[in-house]
Amino acid sequence: MTEQKLQELLNSMSLEEKVNQLVQLTGNWYEENAVITGGMNGRQKDEKLWSQAGSTLGLYGAKKLKKIQKEYMEKQPHHIPLLFMLDVIHGFKTVFPCPLGQGASFSPKTTEACAAVAAKEASAAGVHVTFAPMADLVRDARWGRVMESTGEDPYLNGLMAAAMVKGFQGESAGEKGRAAACVKHFAAYGGAVAGLDYQNVELSEHTLREFYLPAYKKAIDAGCKMAMTSFNTWNGFPSSGSKKLMKEILRKEMGFDGVLISDWNAIGEMIKHGFCEDNREAAKKAIEAGVDIDMCADAYADYLKELVEKGEVEEALVDESVMRVLRLKNELGLFENPYKDADEAQEKALFYCKEHMELARKAVRESIVLLKNEADKKGKKLLPLEKTAKIAFIGPYVEDQDMRSSWAVVGGPDNMVSIRAAAEECFDENQVSFHQGCTLLDNGTLINLGYYGEESWEEKNEQLLSEALEAAKEADIVVLCLGESRGQSGEATSRANITLPAVQKKLLRQVQEVNPNVIMVLFNGRPLELTEESTLARAIVEAWLPGTEGGHGVLDVLTGAYNPSGKLSMSFPYTVGQVPICYNHYSSGRPRPEEGAGAYTCRYLDVSNEPLYCFGYGLSYTEFAYSGLEVTDWKKVDAEEGELESWSTSLTEGCEIQPGDTILCKVTAKVKNAGSVAGTEIVQLYIQDRFASRVRPVKELKAFRRVSLEPGCEKEVTFYVTDRMLSFYREDDTFGWEPGSFCFWVGGNSAVRDGVEYRIEAR
């Protein structure tokens, strides 16, 4: 449909019809078994709103949705199709690693492929829009929704967000097998005070712009069709009512011209914030802030028409919002085919197909981070597992198939591969044994999905422990599979203590006493406090919430079929008292010295300032050695013909040169596989602007390269540093770079020490 035709359609609609296009209803208005991801307000259903609401959420299934769409359009006055939206966070039927795990892969290419599969499966089930990616930067592991983010670094988050948008939407969201993406939560939802979900955000505008906004901008630049407001306040305004955030920053500065939707009842919650007296005022402030769709607050449905009729809201604002909604429906091709890709045969063909399962397995392997792999007195490391070893697999995650987050709302545990199932494929039955060891949670632990309250809980755990200890004594190696419940991470799952449950810690201690050869495999949606565990286990494998192919992916790493290459996208604190913690912080005027106590410096008395495991950290089954770090003025480099063009266009991830960038210098370093097996290293470039008109972080990730090397092989890695890489919000709040002195580091994690100082003059 042309723009003119859309305008004619808009002009033909009554005010009530237009308002209703801005109303999103829960799926249970149309189908009893809808996925509900928020609190219900108990509104009574009415026929007119049923047939005129512009969108609904929480529904999927080709047959069901085609039926609903047909019935809806028969009653819709202008035959405008209904938009079906759903949370497709890290997979649809095929569940991929949670986003924090995908961040640890440092592989935008794989993440894009996973999003493309999710879109293909979801669109076959009738879904038009997914509420992803979540581009919120996260520094506080107490916040449960860190599992939806790709981590603490704005550059990595931006690459991953853009990759997800490209995966979901392809060249056009209206293409077959694609869905519209919705970046969320705008803005800075991940900065909630004390890691407490729905809490307010206390950030300066400078911090907001420097760290939190870049990832949203990358998603928008990638063509994201929708954006979602956040629950929090910023600068004294709830996001859904902030003209500063939505009109000035999102629309004007960032150039977002898509559909802006509130989060669940976020408009109504402006009353609880004390920003609005009632839903009537909330509707007025939200539409004036530029929020197009009211998700489940009923504010627009009940009051927006009245506000316009009484002259308190300009009808032009409503028209602008409605036109954006109509354009989205048009871009999705719904006017030509209201059923788009909904296809029952495609559902059967796609769900859990071989191609999708292979990708899921690949994604799991790339996301896994090897945190520790200690050698014994003979120099032998526990990992990879020896094929002849006698192994006891112990722990609540040995047989548990449910290795997904609470945001995997469609793909269930029935098709997930457990650790036991995968291990039985790898080892002879006389080599392995499997034991639960303990319950997943402590008795009485309250979580989102319920709690243990069994009188026999203690007796049950003593029996499980006894069986596990006997097996541990007889084994050469113990693989201990521990972690959080899926209900302990995600929305509304803030934790003041981010430790393993006490019953699991007890299991680890007692198993280690009878067999010190312990490999701990962790399943969790956030960084955990592992101070004690890191001393007890000889090897630690971070598997996150890996999804459908979790068992296979983990065993691929444990057996050495895949050499782990994952790197932490979020720091693991030494203790919860350090959070929020991140590598790219500003320096104090009294920084703690690298050595010594350093009295009257910025330090803790009882622990190090540093995390237990830093951003970018991750081990391999081989060793990588770095040398030859050099920084050279680009103008003085005698580059081979086509060097830059080849470098720029051949890279699919980790480094960028965009049109209009000015190259300031060239950074090279050599990386060598000094070990005995082939491996992949994620080579990371960090830069510090040493002296500037505003203080700069001590270190910032600016690019990375995935380098695969055979044993003994060496490769020179090249990074081109551009003016955009060095740009920041300067003293006068303009965005740009300043000539001066810079430090450059190339290494395997953010703690890399040996750097080069280099001065870059104005161009």
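Quick notes on this structure:
- Net length gained if the chain between Thr2 and Glu355 were fully extended (0.36 nm per residue, minus Cα distance): 123.3 nm
- Each stretch of four or more DSSP H residues adds -39500 (n - 2.57); spread over every residue of the chain, this sum gives -8000 deg cm²/dmol at 222 nm.
- Using R0 = 56 Å, the C-beta based FRET efficiency linking Glu757 and Lys506 works out to 0.65.
- Taking θ as phi - 60° and the Karplus parameters 6.51, -1.76 and 1.60, the scalar couplings of region 586-593 work out to 7, 7, 6, x, 10, x, 5, x Hz in sequence order, x denoting glycine and proline.
- When the alpha carbon coordinates of region 367-573 are projected onto the principal axes, the ranges are 47, 38, 34 Å, largest first.
- Volume in Å³ per residue [convex hull over Cα atoms, computed for region 677-763]: 100 Å³
- Taking trypsin sites (Lys or Arg not before Pro) across region 301-333, the ones in a DSSP loop with at most 12 further Cβ atoms lying within 10 angstrom of their Cβ are Lys310.
- Computed log₁₀ I(q)/I(0) - Debye formula, equal Cα scatterers, no solvent, the chain, q 0.06, 0.07, 0.08, 0.09 Å⁻¹: -0.38, -0.51, -0.67, -0.85
- Across region 662-679, rounded Karplus estimates of 3J(HN,Hα) from the backbone phi angles (6.51 cos²θ - 1.76 cosθ + 1.60, θ = phi - 60°) give 9, 7, 9, 6, 10, 10, 10, 7, 9, 10, 10, 7, 8, x, 10, 10, 5, x Hz, Gly and Pro being marked x.
- Near the amide H of Lys381, within less than 5 Å, lie the amide hydrogens of Asp376, all on another chain or at least 5 residues away, with H placed in the peptide plane.
- Estimated inter-spin distance, Lys378 and Lys252, nm [label 7 Å along Cα→Cβ]: 7.1 nm
- Estimated distance in nm for a label pair at Val695 and His206, the labels positioned 7 Å out from Cα along Cα-to-Cβ: 0.8 nm
- Exposure proxy ranking for Asp723, Asp428, based on other Cβ atoms within 10 angstrom of each Cβ and starting from the fewest, stands as Asp428, Asp723.
- FRET efficiency for Glu171 and Ser708, using Cβ-Cβ distance with R0 set to 41 Å, rounded to 0.05: 0.90
- Extension gain for Ala421-Tyr604 works out to 61.3 nm (0.36 nm per residue, less the C-alpha to C-alpha distance).
- Histogram of C-alpha separations across region 466-534, 5 Å bin width, %: 3, 16, 28, 20, 15, 10, 6, 2, 0
- Neighbour cut-off at most 11 other Cβ (10 Å), DSSP loop, GluC sites (Glu not before Pro), region 1-52: Glu32
- Local net charge near Ala423, Cβ-Cβ under 13 Å (Lys/Arg +1, Asp/Glu -1): -3
- Using a simple spin-label model with pseudo-atoms 7 Å out from Cα toward Cβ, Glu277 and Ala194 lie 3.2 nm apart.
- Extension gain, Thr531 to Glu47: 0.36 nm times the residue separation minus the Cα-Cα distance gives 168.4 nm.
- Trypsin sites (Lys or Arg not before Pro) lying in DSSP loop within region 174-242, provided at most 15 other Cβ fall within 10 Å: Lys176
- Rounded Å value of the spacing that divides the Cα centres of region 4-38 and region 177-251: 24 Å
Values quoted throughout were computed directly from the atomic coordinates according to the rules given, and no laboratory measurement underlies them. Note that the structure is a prediction, hence the values are computed from the model and not measured. Cβ atoms come from the backbone with ideal geometry, glycine included; neighbour counts cover every protein chain shown.
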